[in-house]
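Working notes, beginning with the structure itself.
Each reported figure results from applying straightforward, stated rules to the coordinates on display, with no laboratory input. Quick caveat: nothing in here was measured; it's all calculated off a predicted structure. We place every Cβ from the backbone using ideal geometry, glycine too, and count neighbours over all the protein chains shown.
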Amino acid sequence: MTDKEILELGDRRYQAMTSSNWIALEALLHPDLIYTHSSGVADTRASWLESMKSGKTRYKSARCLERKVRMLGDVALVTGKADFEAEVGGEARSIKLAFLEAWAKTPQGWKFVAWQATPRPA
């Protein structure tokens, strides 16, 4: 897997999130996904999907900057910055983050297994 291919997987994930394409999104997710928001709240795969499917969280757009991939055997770590436009609990939010995302090679292909974000100064 090349750096470019890992970044393309991330782009597919963001596209699926912002277009509410749950089938495409679920296909990219590892069963053991841990998604830690910039608030410090952590979701499992099931709770993160439920938050989006229920409409509690709606990602309207995602723009990634300065992404860098580090390949460590069967794990790819991506660091970077992201700007999200979202609606959380009915409230519009502009979210600027620094993040670490992890992808793991599985028998079913590369899967999104972890996200850790922190707020970025404006």
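Results, tabulated for the structure shown:
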read-out	value
Convex hull of Cα atoms in region 3-119, direction-averaged projection (nm²)	6.5
Percent RCO, i.e. relative contact order, over region 1-118, from Cα pairs under 8 Å lying at least 6 residues apart	25
Taking 35, 14 and counting other C-beta atoms within 10 Å, the order from fewest to most	14, 35
Around residue 60: net Lys/Arg minus Asp/Glu count, Cβ-Cβ under 13 Å	-1
Summed side-chain charge close to residue 9 - residues other than residue 9 whose Cβ falls under 12 Å, Lys, Arg +1, Asp, Glu -1	+1
Listed residue (117, 48, 31) projecting farthest to the positive dipole end of the chain, Cβ model	117
Residue 108 paired with residue 94, simple spin-label distance in nm, labels 7 Å along Cα-to-beta-carbon	3.8
Highest-fluctuation residue, 74, 43, 11 considered, GNM on the chain with Cα pairs under 10 Å	74
Cα centre as origin, Lys/Arg/Asp/Glu Cβ charges: region 3-119 dipole, Debye	140
Nonlocal Lys pairs with alpha-carbon distance under 19 Å, the chain (8 or more apart, or different chains)	11
C-alpha long axis of helix 3-18 to longest principal axis of the chain, angle in °	30
